[in-house]
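The structure appears below as structure tokens.
The values are calculated or read from the model by the stated rules, or taken from the named source; none is laboratory data. This one's a predicted model, so the numbers in the text were calculated from it and none came from an experiment. Positions of Cβ are backbone-derived with ideal geometry, glycine not excepted, and every protein chain shown enters the neighbour counts. These area figures cover heavy atoms from the full protein model, side chains too; ligands, DNA and RNA do not enter into them. Shrake-Rupley method; radii C 1.70, N 1.55, O 1.52, S 1.80 Å.
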Amino acid sequence: MKPFKFKQFSVNQNRCAMKIGTDGVLLGAWTSVHHKPFSVLDIGAGTGVLALMLAQRSPAETIEALEIDADAYEQCSENFENSPWADRLFCYHASLLEFAEEIEDEYDLIICNPPFYSEDYKTDNKSRDLARFNDAMPFEHLIYAVVKLLSDSGIFSVVIPYKEEPHLINLASKVGLFPNRILHVKGNPDSEIKRSLIEFSFEETKTQPSELIIETSRHQYTEDYINLTKDFYLKM
């Protein structure tokens, strides 16, 4: 499998169960860095693409990633080493709860493209199941870890299925995390909303969701989508 080439970096993904997809790239491009984060954490890093995108977009001094799957962890570390920002990137091999219990640091930005298949079936590919089924990282664990690791003025940014949005917002609000920005993503103008990108912080504000449509027709990308991803995708 050839590396996935972006404009400023390449990502090998042959050993990662979850390949690079639109969800991750949208999240990495959309997440706010206006608050100039000093430290960033990518939870469930996979290939490391989110950490790499944030290294390109922000001057954050410390960009750390967390990955439980051994193959993905090794590949993520290699992708970091081969990038232009190797001196700022580091990957830990640990579970989220282990990490949250042991780490004293706080992060100004936490980003996560979590596994979100809560259906009951499993496939024969164990590492792909680990990456895809949210019993590997339930929302409760995610919110617990974020509250523990996020700095007071920090931002937590996540992409989830649209149908899960009320559940996650409700869980977060119980521990004082509130949505500040929400983006609803549709594949085309006639399709249903598929994904929610949400940015949380400890500050309660009124928020009005905005909408992003990816294509008007097959491979005819909208201006909004092109503008969001053009710093990354080669053909945009």
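Fully extending the segment from Thr222 to Glu78 would add 48.5 nm, taking 0.36 nm per residue of separation and subtracting the current Cα-Cα distance. Contact order, relative form, for the range 1-96: 28 percent (alpha carbon pairs under 8 Å, 6 or more residues apart, mean separation divided by residue count). Length gained on full extension, Phe90 to Glu104, computed as 0.36 nm times the residue gap minus the Cα-Cα distance: 3.4 nm. If R0 is taken as 25 Å, the Cβ-Cβ distance between Glu61 and Glu203 corresponds to a FRET efficiency of 0.60. For the Cα trace of the chain, dividing Rg by the Kirkwood Rh returns an Rg/Rh value of 0.93.
Note on the range 1-70: the alpha carbon radius of gyration divided by the globular reference 2.2 N^0.38 Å gives 1.09.
The separation of the range 61-95 from the range 9-42, counted between C-alpha centres, amounts to 12 Å. Tell me, what is the percent relative contact order of the chain, built from C-alpha pairs under 8 Å that lie six or more residues apart? Reported as a whole number, the value is 17 percent. In the chain, helices alone account for a calculated mean residue ellipticity at 222 nm of -8500 deg cm²/dmol, with every DSSP H run of four or more residues adding -39,500 (n - 2.57). Listed by chain and number, the aspartates and glutamates whose alpha-carbon sits under 20 Å from that of Lys163, ignoring those within fewer than 8 places in the same chain, are Asp23, Glu119, Asp120, Asp135, Glu140, Asp190, Glu192, Glu199, Glu211. Accessible surface computed residue by residue for the range 167-233, with neighbouring protein chains in place and a 1.4 Å probe, gives 58 Å² per residue.
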